[in-house]
Amino acid sequence: MMTNAEKIFTFINEHAQKTDKLYLEGVIDVCNNWLEGKEVPTLAEPVTKEEIRRGLQLAILNGMKQQAQVNHQMTPDSIGMLLAHITSKLMQDQSAVTILDPAVGTGNLLYTVMNYMPVESIAFAVEIDDLLVRLAALTAELLEQEVSFIVQDALRPLFIDPVDVVVTDVPVGYYPDDDNALNYQLMPSEGHSYAHHLFIEQSLKHTKPGGYALFIVPENLFESEHAAQLHEFLKKESIIRAVLQLPTSLFKNAALQKSILVLQKPSEQIKTTPEVLLAKVPNMSNKEAMAGFLQDFDLWVRQNE
Ligand code: SAM
């Protein structure tokens, strides 16, 4: 028997294949029809938000393969679920949470985090690619998640209030707009700036004092070019709370290896500098090792509150 997620994928896929438009444009049409109640998938009740997210994710991934959206890698579920766990633990004492994802892409990471959040959450999402924003916005409506979208270069001024937590899978590589990069402390005195460095600076700027900013970053972040400048900046503007190395099995080659960086924005209430949690995430298919890792992480959160 098909799961609800599979039924949603089959429903979208069949309709998207029938149109003479590009597949992802077809996905947008089907989702619009679904929202307007013109054509809806037949699903087994109750339908969860995670089932809807997974069904849509499969259809979008299918379209991305066909349309070769190489610069817009969707954040994989394994990493999304881990970030969702970490975010919900760090936010557990809040009665409601505001979230920012300045590089939201399809929204897969953001919605995994929102679906998992035990308290009410509202989000701000920024993305430069118009097609991805249309897909992400429709997904938010189908999931009934409250998200405000901004279609722009996230490194230009953002007109949003500081949030409780930033969660993002940043674009990696050189940022092409040198003039705009001059507005950042992390613009190097020579050569081009790294977009992933500027995204960290921009995110901290939009985090409330005492709030958190979580990034998926290249594993060599603190060894690459301009790393010394980044380190100085982080020491001054943030508290580095954790660096979690993701398992190598998740990445096709060593150059693509990523880590999760957890920063906290300093506030007057934080009097001491806590120790940085440096840990390796175990192979995620090893359930026992993973459960142990999450338990240790939860304990660390409790001890560091
Ligand atoms: N978490 C996303 C998801 O689950 O689909 C994937 C994020 S992907 C790794 C990075 C995203 O950053 C891409 O969608 C890309 O279009 C976007 N991006 C790149 N440069 C940007 C910029 N300057 N401003 C806003 N978005 C940007």
Loop-only check: which GluC sites (Glu not before Pro) in region 83-160 are DSSP coil with at most 16 other Cβ within 10 angstrom? GLU144
Please get the size of the charge dipole for region 1-107, origin at its Cα centre, with Cβ charges of +1 on Lys and Arg and -1 on Asp and Glu, quoted in debye to the nearest 20. 160
Return the distance in nm (one decimal) between the two label points of a simple spin-label model at ARG302 and PHE251, each offset 7 Å from Cα along Cα→Cβ. 3.3
Contour minus end-to-end for ALA44 and HIS192, with contour as 0.36 nm per residue of separation and end-to-end as the Cα-Cα distance? 48.0 nm
When the helix-only estimate is applied to the chain (DSSP H runs of n ≥ 4, each -39,500 (n - 2.57), divided by the residue count), what is the mean residue ellipticity at 222 nm, nearest 500 deg cm²/dmol? -13500 deg cm²/dmol
Give me the angle, in degrees from 0 to 90, between the Cα long axis of helix 4-18 and the longest principal axis of the Cα atoms of the chain, rounded to the nearest 10. 70
In region 120-275, taking the dipole from +1 charges on Lys and Arg beta carbons and -1 charges on Asp and Glu beta carbons about the Cα centre, the listed residue (SER193, LEU143, GLN264) farthest towards the positive end is GLN264
Computed label-point distance, nm, for sites MET2 and LYS280 using a 7 Å Cα→Cβ extension: 4.2
On the formula 1/(1 + (r/R0)^6), with r taken between the Cβ atoms of ILE270 and LEU35 and R0 of 41 Å, the FRET efficiency rounded to 0.05 is 0.40
Please give the length that would be gained between HIS85 and GLU141 if that part of the chain were fully extended, namely 0.36 nm times their separation in residues minus their C-alpha to C-alpha distance (nm, one decimal). 17.8 nm
Need the full-extension length gain, ASP161 to ALA289, defined as separation in residues times 0.36 nm minus the C-alpha distance. One decimal, nm. 42.2 nm
What are the lysines whose alpha-carbon lies under 18 Å from the alpha-carbon of LYS208, with same-chain residues fewer than 8 places away excluded? LYS89, LYS235, LYS236, LYS265, LYS271
Candidate lysines - alpha carbon under 21 Å from LYS252, same-chain residues fewer than 8 apart omitted: LYS65, LYS280
Just the Cα atoms of region 161-279: what Rg and Dmax do they give in Å? 14.3, 43
Loop-resident trypsin sites (Lys or Arg not before Pro) in region 245-298 with no more than 12 other Cβ atoms inside 10 Å, DSSP not H/G/I/E/B, are LYS252, LYS271
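Bear in mind these aren't lab numbers, they're just calculated from the coordinates by the rules spelled out. Just so it is clear, the structure is predicted and the values come from calculations on it, not from any experiment. Cβ coordinates were reconstructed from backbone atoms using ideal geometry, including for glycine residues, and neighbour counts include every protein chain displayed.
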